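S.K.: First the structure, which I've put down as structure tokens, then a few questions once you've had a look.
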Amino acid sequence: MPNFHACCVRLAGELPAVVLSADYRLAPEHRFPAGLDDAANVLSWVRGQAAAIGDNADPWLSETADFGRVFIAGDSAGGGVVHHTAVGLASGRLGPLDLIRVAGCAMLCPLFGGEERTASEAEFPPGPFLSLPAVDQAWRLVLPPGSTRDHPLANPFGPNSPALDGVALPPMLVVAAAHDLLRDRSVDYAARLKAMEKPVELVEFEGQHHGFFAVEPYGDAGSEVVRLVKRFAYGNGGASD
């Protein structure tokens, strides 16, 4: 998609960074966890590139990429994929982290769900890029048939979701938009991780709606996102108060 390509081009040029942008299979033909499996396969490919030599190595990556500072990032639904990928890595479900080091994760307006409505879902009017009926339908299409929005793949703090207290997550950057229907879920997510003493930083953008960076990556708010991600990646790679 051109807008996501523009986001990646800007991040690559201005961080600077080697940016690998990967699609994942989409619902309803491919319900979760298909998209999460695809994210795991991307990391497996990156590990393979870190180990590859000679003709098996991508010369562009082998000459320019720093496999010791890998960041995983995603916008909206991709932000939710980032969460599950980070938990899978930290719990060992996605295999060993030999040869690469995930230095942090960035989640922009992550898409989370839940049966109980938040204040922002109940009170905010539909934004230009998202409405509550569209979110509800997305969950019906992407989750396993018969699931509710409290399914662990939608609600990381639902009644059947695994506890995260003992999971050693990497530094997490969470970006929320003040006018996003899902704003409260992003804020609650960061607050819960912080209460568990996880390395998490929350930054809220006033006046912005869901997916603002992907929609207008070269706008003023998009420029601030780039500065924020650059500080996250090239600072201490962790959260700050």
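S.K.: Quick check on region 2-234: take the gyration tensor over C-alpha atoms, sort the square-rooted eigenvalues as a ≥ b ≥ c, and tell me if it's rounded (a/c under 1.5), prolate or oblate.
M.R.: Details: a/c = 1.62, a/b = 1.32, b/c = 1.23.
Cα axes put region 2-234 in the prolate bin.
S.K.: Rounded to the nearest 0.05, what FRET efficiency do T64 and D37 give with R0 = 22 Å and r taken as the Cβ-Cβ distance? Could you check?
M.R.: Details: r = 28 Å, r/R0 = 1.26.
Rounded to the nearest 0.05, the efficiency is 0.20.
S.K.: Apply the a/c threshold of 1.5 to the C-alpha gyration tensor of region 140-241 and tell me whether it is rounded, prolate or oblate.
M.R.: Taking the square roots of the gyration eigenvalues as a ≥ b ≥ c, region 140-241 is oblate.
S.K.: So for M196, M107, M1, fewest C-beta neighbours within 10 Å to most, what's the order? Each step should come with its number before you reach the end.
M.R.: Working: M196 14, M107 29, M1 9.
Arranged by neighbour count, lowest to highest, M196, M107, M1 become M1, M196, M107.
S.K.: Can you give the calculated 222 nm mean residue ellipticity of the chain, where each DSSP H run of n ≥ 4 adds -39,500 (n - 2.57) and the sum is split over every residue, rounded to the nearest 500 deg cm²/dmol? Walk me through the numbers on the way to the answer.
M.R.: Details: 9 runs with 100 residues, N = 241.
Calculated from helices alone, the mean residue ellipticity at 222 nm is -12500 deg cm²/dmol.
S.K.: On to the next question. Take the chain, connect every pair of alpha-carbon atoms lying under 10 Å apart with a spring to form a Gaussian network, then pick out the residue of D75, D180, D188 with the largest mean-square fluctuation.
M.R.: Largest GNM mean-square fluctuation: D188.
S.K.: Separate question: What is region 105-185 by shape, rounded, prolate or oblate, if you read a ≥ b ≥ c off the alpha carbon gyration tensor as root eigenvalues and call it rounded for a/c under 1.5, prolate for a/b larger than b/c, and oblate otherwise? Kindly include the intermediate steps, with their values, before the conclusion.
M.R.: Details: a/c = 1.95, a/b = 1.18, b/c = 1.64.
Judged from the Cα gyration tensor, region 105-185 comes out oblate (a/c at least 1.5, b/c at or above a/b).
S.K.: With angles folded into 0 to 90 degrees, how steeply does helix 77-91 sit against the dominant principal axis of the chain? Use alpha carbons for both and round to 10.
M.R.: It is inclined by approximately 60 degrees.
S.K.: Mind checking the full-extension length gain between A191 and V203? Use 0.36 nm per residue of separation minus the Cα-Cα distance, one decimal, nm. Could you put the intermediate results ahead of the total?
M.R.: Values: separation 12, 0.36 × 12 = 4.32 nm, distance 1.17 nm.
The span from A191 to V203 would gain 3.1 nm if fully extended.
S.K.: How far, in nm, would the chain grow between S44 and K230 when pulled straight, counting 0.36 nm per residue and subtracting the alpha carbon separation?
M.R.: On the way: separation 186, 0.36 × 186 = 66.96 nm, distance 2.49 nm.
Computed gain between S44 and K230 is 64.5 nm.
S.K.: Also, quick follow-up: Place a point 7 Å from the Cα of L20 along the Cα-to-Cβ direction; which residues of region 34-58 have their backbone N under 14 Å from it?
M.R.: 38-53, 57-58
S.K.: Relative to the longest principal Cα axis of the chain, at what angle does helix 183-195 sit, 0 to 90 degrees, rounded to 10?
M.R.: Once rounded, the angle reads 60 degrees.
S.K.: I'd like the distance separating the alpha-carbon centroids of region 134-181 and region 57-71, in whole Å.
M.R.: Cα centres, region 134-181 to region 57-71: 31 Å.
Taken together, the values in this text are just the output of simple stated rules run on the coordinates, not laboratory data. Quick caveat: nothing in here was measured; it's all calculated off a predicted structure. So basically every Cβ, Gly included, is an ideal-geometry build from the backbone, and we count neighbours across all protein chains shown.
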